[in-house]
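Asker: First the structure, then my questions, so here it is.
Derivation of every value follows stated rules applied to the coordinates shown; laboratory data play no part. This one's a predicted model, so the numbers in the text were calculated from it and none came from an experiment. As a convention, Cβ positions derive from the backbone with ideal geometry for all residues, glycine included, and neighbour counts pool all protein chains shown.
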Amino acid sequence: SDKNNVHITTPQKLYRCMTLQFSSSCPLNSDNCSASAHTRRKHADNRRPGTHTRSRQSKTHHYAPIDLLPDHTLLQIFSHLSTNQLCRCARVCRRWYNLAWDPRLWSTIQLTGELLHADRAIRVLTHRLCQDTPNICLTLETVVVNGCKRLTDRGLHVVAQCCPELRRLEVAGCYNISNETVFEVVSRCPNLEHLNLSGCSKVTCISLTQEASLQLSPLHGQQISIHYLDMTDCFSLEDEGLRTIASHCPRLTHLYLRRCTRLTDEALRHLALHCPSVRELSLSDCRLVGDFGLREVARLEGCLRYLSVAHCTRITDVGMRYVARYCPRLRYLNARGCEGLTDHGLSHLARSCPRLKSLDVGKCPLVSDSGLEQLAMYCQGLRRVSLRACESVTGRGLKALAANCCELQLLNVQDCEVSPEALRFVRRHCRRCVIEHTNPAFY
């Protein structure tokens, strides 16, 4: 059609116009060329017909369309590239080199790869970014080196020395990091808010000593401004270390302590005492934490929205009652594998936490249809429910959930003795619900 032809040919015409403009400014077509040069080209053309045309075409095609873009447009494109891609762009030409190292593009450094020599990469990048402001990277706010197993204290030492404006640091899986370097980072980067140390098994404490605090401005004193802290799989973390962390990081709102197996109820007492603003707390697989620990967690009262105590086998209905009584704004609860949890604890939770959106009570053999009926009655905003391997759950409880919780989006009933009829009932009443099951008769 004519419309299609116009749509296709128009960019080609524009490109030919641009190439003609460039060819007109090319020295090969300039009136200032000497007569002898013109004569040599003429004789060359006579010897080889078509040579002049081909040379003009090769010169014309030298100008790529992207070279016509202004600097601010290229900077906008570069802003979507990763660290590795930016470094590659800097090797294309001098113009791209200058644009790729524009400080506005370097608020984030993100490195990946187990074999990457992360220490050297950080040293080279920060050295280049410090050219305009010697020894300091004022624009760098985020450093992500997750999974770089060759990262050591030397690499983080460079970050601490050169990045005073750092706000986010992620070194998950970098098991060579020690307490000394973490101390140096938090003492020299007063704006640090997000710290991910998951898998750094050597880290046992985050604190500011009196000597270190002198390097900070008086406004910060001995408090660290971290809001988000992930210490998952920091196996060496003990009660004393968490007490020190809590006392130096009173602004914590997100704390993840998954598989910190040495922590006990005593550590949670200090956490509740010093960090009253915690909204999300994960204690999954902290098997020494029990009902007394949950009693301390319940002191967080109205702030707590997310709580995970999966596989904390010492927790029973007693601890769950504390949470239900003092944390009415709870939205997410993961109690998978808490074998001491029964319908009574679930009933207290349903009555006191009506805003609950997500609940996981999988592998809790004492949870039955009675508990689900209480949930269906008082927590009608539930969207995600996991009942995996709950042996006492039948179709009666599922029908109660489906009839009252119309917003249900995910239901996990794998390894449960439920009939296909009950699953079809759920599908009819909750049309957007994804049902995860192991019943071959339901499809």
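Asker: Give me the Å³ per residue figure for the convex hull around the C-alpha atoms of segment 244-299.
Answerer: Convex hull volume per residue, Cα atoms: 67 Å³.
Asker: Test of understanding: what is the full-extension gain from residue 251 to residue 167, defined as 0.36 nm times their sequence separation minus their Cα-Cα distance?
Answerer: Difference between extended and current length: 28.8 nm.
Asker: Would you mind getting me the FRET efficiency between residue 88 and residue 380? Use the beta-carbon distance for r and R0 = 56 Å, nearest 0.05.
Answerer: 0.55
Asker: While we're on this one: Could you state the principal axis extents of the C-alpha atoms in segment 118-277, from the largest down, to the nearest angstrom?
Answerer: Dimensions of segment 118-277 along the principal axes of its Cα atoms: 50, 36, 24 Å.
Asker: While we're looking at this one, here's another question. Suppose R0 equals 22 Å; then what is the FRET efficiency for residue 313 and residue 262 from their Cβ-Cβ distance, rounded to the nearest 0.05?
Answerer: Calculated value: 0.85.
Asker: If you stretched the chain out fully between residue 115 and residue 396, how much longer would it get, using 0.36 nm times the residue separation minus the C-alpha to C-alpha distance?
Answerer: 95.7 nm
Asker: Relative contact order for segment 286-431: what percent, with Cα pairs under 8 Å and sequence separation of 6 or more?
Answerer: In percent, rounded to a whole number, it is 17.
Asker: How big is the shadow of the Cα convex hull of segment 94-139, averaged over all directions, in nm²?
Answerer: In nm², the orientation-averaged hull projection of segment 94-139 is 3.7.
Asker: Here is a further query. In segment 338-397, what trypsin sites (Lys or Arg not before Pro) fall in a loop by DSSP, with at most 13 other Cβ atoms inside 10 Å?
Answerer: When the trypsin sites (Lys or Arg not before Pro) of segment 338-397 are filtered for loop state and at most 13 Cβ neighbours within 10 Å, 355 remain.
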